[in-house]
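My structure is below; once you've seen it, I'll send some questions.
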Amino acid sequence: MMANTMTAAVLYGKEDLRVEKLPVPSAGPGEIIVRVAAALTCGTDLKVYRRGYHAKMLKPPIPFGHELAGTVEEVGAGVTDFQIGDRVVALNSAPCDQCYFCKRGQQNLCDDLIFNNGAYAEYIRIPARIVEKNTLHIPDGVPFEHAALTEPLACVARGLEESNPQPGDSIAVIGAGPIGLMFIHAAQLAGLRVIAIVKHDEQIEAAKIFGAEEVVQITAVKDVVAAVRALTPDHRGVDIAIEAVATPATWQQAIELVRKGGTVNFFGGCAAGTKVELDTNRLHYNDIIMKATFHHTPGTARRAFDLIISGRFKCREYITGRARLADIGQVFRKLMDRSNDIKTAIIP
């Protein structure tokens, strides 16, 4: 029998995360209740913790966290694909598949995209639409904390696919936080030549572990753009640049890194109201493609999940810490101080 109350982390505002007792949710029609086995910290969660809100996903006070895997504890009326005891990963959103954007294969931009938060808890309710469209069975032998990497990797998979990489392309990834490292590894697995642009000493080793062929540390060179271009034939620049830091300076830098006809993907979401100045001559005469990629689709979620369960993706190296739910406040304060941890698994 499930208890009536559970422990959960609730975000009240800027840097105000409280561990509380909440009622255990129950499953309505089409819904399932998942007992959380692992919930992962994430750069987006850290950003939300720092800012106190997220324009698209949540407004406080709200249960927090969105990367999770666990076991089905309760099944609502009409659910046929899942039963109690199943090991599952449930994504944090699902599209309607009816609107203009969904019909154009852009489900990440769905007019009625529903989000689900509350992974840092003992139990979480999965809305019917996510159960139907974006909940996956985890094969035996795949650890929960590895399966929980599906959501961020789904975003990265979309970002990479949308940048239209060709076999053998060179790609510069600016940033070696959790998402930057994921891009480095996904690009390497896709057969690209990866140049990582990092800030901190410990990120040099991490970038290499995840497949960067070359690493440029911004504090060790006078001119980052020149240093990256020097690693490409005839200094022409990389085929693709991925911005994964989310500052105006790195958005601008990304444009300077690519070759003529290259693609820039502004993946990092800057704070609301941020403006960036662009060199129109450089864009126009160099025929540069600029792209931003937000979120994921059911298709990229499945491709990311397949990569994880195939064993090709280095999940084990990616989870660098584990903590109890009771200590989550401490974990986020530590993440604010730029700790070496890539991902911490919160184990309720």
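The values are calculated or read from the model by the stated rules, or taken from the named source; none is laboratory data. If you're wondering where the values come from, they're calculated on a predicted model, not measured in any experiment. For neighbour counting, all protein chains shown are included, and Cβ atoms are generated from backbone atoms with ideal geometry for every residue, glycine included.
Can you tell me how many residues in the range 247-259 are out of contact with any helix residue (DSSP H, G or I) (no Cβ under 8 Å at 6 or more places or on another chain), surrounded by fewer than 24 Cβ atoms within 10 Å (Cβ to Cβ) and in contact (Cβ under 8 Å) with a residue 40 or more places away in the chain?
1
Another question, if that's okay. Can you name the condition, by its number, that GLY30 falls short on among (1) within 20 Å of THR150 (Cβ to Cβ); (2) at pLDDT 95 or above?
Tallying (1) within 20 Å of THR150 (Cβ to Cβ); (2) at pLDDT 95 or above, GLY30 fails exactly one: (1).
So, in the range 106-125, how many residues would count as being over 20 Å from VAL48 (Cβ atoms) and under 19 Å from the mean Cα position of the chain (by Cα)?
Count: 4.
Here's the yes/no breakdown for (1) in contact (Cβ under 8 Å) with a residue 12 or more places away in the chain; (2) over 28 Å from ILE184 (Cα atoms); (3) assigned by TED's automatic domain parsing to the domain that holds ASP327:
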position	(1), (2), (3)
LEU91	yes, no, yes
TYR100	no, yes, yes
ASP112	yes, yes, yes
ALA128	yes, yes, yes
LYS133	yes, yes, yes
PHE144	yes, no, yes
LEU149	yes, no, yes
ARG158	yes, no, no
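Restricting attention to the range 11-54, report how many residues are crowded, with 21+ Cβ neighbours inside 10 Å and among the aromatic types (Phe, Trp, Tyr).
1
Any chance the range 276-295 includes a residue that's within 23 Å of ASP169 (Cβ to Cβ), under 23 Å from the mean Cα position of the chain (by Cα) and acidic (Asp, Glu)?
no
Of the residues that make up the range 63-80, is at least one surrounded by 19 or more Cβ atoms within 10 Å (Cβ to Cβ), in the same structural domain as ASP337 (by TED's automatic domain parsing), out of contact with any strand residue (DSSP E or B) (no Cβ under 7 Å at 6 or more places or on another chain) and under 30 Å from ALA176 (Cβ atoms)?
yes
Which count do you get for residues in the range 99-135 that are outside any loop (DSSP other than H, G, I, E, B), of a type outside the set (Lys, Arg) and buried (at least 21 other Cβ atoms within 10 Å of the Cβ)?
Total meeting the criteria: 9.
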